[in-house]
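Rule-based calculations on the coordinates, nothing more; no lab input. Since this is a predicted model, take the numbers as computed values, not measurements. Positions of Cβ are backbone-derived with ideal geometry, glycine not excepted, and every protein chain shown enters the neighbour counts.
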Amino acid sequence: MLVDSHCHLDRLEKGIDTRRLAEHLAEAEAAGVGHVLCVSVDLDGWPAMRALVDPFDEVSVSIGIHPCHVKEDDPDAVVLAQRARQDPRIVALGETGLDYHYETDEKRRSLQRERFAMHLEAGRETGLPVIVHTREAQEDTLAILREAGIEDSGAVLHCFTENWEMARRALDLGLYISFSGIVTFRNAEALREVARKVPSDRYLVETDAPWLAPVPHRGKPNRPAWVHEVARCIADVRGIALAQVAEETTGNFRRLFSRARVGQATWSSAST
Ligand SMILES: [Zn+2]
Ligand SMILES: [Zn+2]
């Protein structure tokens, strides 16, 4: 069984409803995907996202604010922690982090750093792991993680796209590394080297759907079923069976997101 450790089910298609989501999840199940973590990008959209996935027991959710969506009046760590504790379906905080690719304004970057630290504080407070997005912000990302000390609750660098040096430093801090469809891209040799070297107890697979569809689906909207292509690529790169990648990544997911009820329910309790 595979787990899609990071996707955005509420954005798979415009106006997606429970019926369409049930179809996507049935397709995922047929591809061997037994659990999905649906990741939050802002708090305004969170209630609708939570309501959409509610009928599906094998969907976990996170709560948090993407670095490109931070605002002056975001809640503080105490409030975020409180909200996270209230709902047993919430298994992580985020996605948070730093995106210096899309954000070039120094004041906004500084707000991203504050919010990132805020999520890590809420992580310490709740014991929940933190989903980290980082783009063109290596040094600041590592510095903030180091300062926060993430050993207890844990964290994952999602959609990892950097080189082995960055991976090694992240692993030294106790982070997990999650690979998306980018690992299947033709020009991603440096990333495949990371996928070859990463310890078997520290990596995950994800789609980040609807973005970043893997080969051979590039250019189409991505979907959770296609985490299968990511896992197969990693199996090739590591010279192991797909079943072993599934076993390792699902085990790692369970350890990191220990609140997730993986494989304990049928896909849909909804009568759709
Ligand atoms: Zn992200
Ligand atoms: Zn994402």
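Observations on the structure shown:
- Hits in region 213-258 (condition: assigned to a loop (DSSP other than H, G, I, E, B), in contact with a Leu (Cβ under 8 Å, 6 or more places away or on another chain) and closer than 26 Å to residue 129 by Cα): 222, 223, 257
- Residue 93 being touching a residue at least 24 places away in the same chain (Cβ under 8 Å), over 17 Å from the mean Cα position of the chain (by Cα) and surrounded by 15 or more Cβ atoms within 10 Å (Cβ to Cβ): no
To keep it simple, each residue is scored yes or no on (1) closer than 21 Å to residue 249 by Cβ; (2) more than 16 Å from ligand 1 (Cβ to nearest atom); (3) within 17 Å of the chain's Cα centre (by Cα).
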| position | (1), (2), (3) |
| --- | --- |
| 3 | yes, yes, yes |
| 7 | yes, no, yes |
| 12 | no, no, yes |
| 17 | no, yes, no |
| 24 | yes, yes, no |
| 32 | yes, yes, no |
| 35 | yes, yes, yes |
| 38 | yes, no, yes |
| 41 | no, no, yes |
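- Residues located in region 44-56, provided they are surrounded by 20 or more Cβ atoms within 10 Å (Cβ to Cβ) and not in a helix (DSSP H, G or I): 56
- The condition (being surrounded by 15 or more Cβ atoms within 10 Å (Cβ to Cβ) and not in a helix (DSSP H, G or I)) is satisfied by just one residue among 201, 208: 208.
- Residue pairs whose Cβ atoms lie under 6 Å apart, sitting 6 or more positions apart in sequence or on different chains, and linking a residue in region 160-171 that is farther than 15 Å from residue 97 by Cα to a partner that is β-branched (Val, Ile, Thr) and crowded, with 17+ Cβ neighbours inside 10 Å, are 164/194; 167/177; 167/194.
- Residue check for residue 106: more than 14 Å from ligand 1 (Cβ to nearest atom) and over 30 Å from residue 1 (Cα atoms): yes
- Residue 141 vs. criteria surrounded by 23 or more Cβ atoms within 10 Å (Cβ to Cβ), closer than 19 Å to residue 39 by Cβ, over 15 Å from the mean Cα position of the chain (by Cα) and within 16 Å of ligand 2 (Cβ to nearest atom): yes
Quick grid of which residues meet (1) among the polar types (S, T, N, Q); (2) within 16 Å of ligand 2 (Cβ to nearest atom); (3) buried (at least 19 other Cβ atoms within 10 Å of the Cβ):
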| position | (1), (2), (3) |
| --- | --- |
| 3 | no, yes, yes |
| 7 | no, yes, yes |
| 11 | no, yes, no |
| 15 | no, no, no |
| 18 | yes, no, no |
| 22 | no, no, no |
| 31 | no, no, no |
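- Where a residue in region 216-234 is aromatic (Phe, Trp, Tyr) and its partner, wherever it lies, is buried (at least 22 other Cβ atoms within 10 Å of the Cβ), with Cβ under 6 Å and at least six apart: 226/207; 226/214
- All helices (runs of 4 or more DSSP H) inside region 57-175 with 2 or more residues being among the basic types (Lys, Arg): 77-86, 106-126, 164-172
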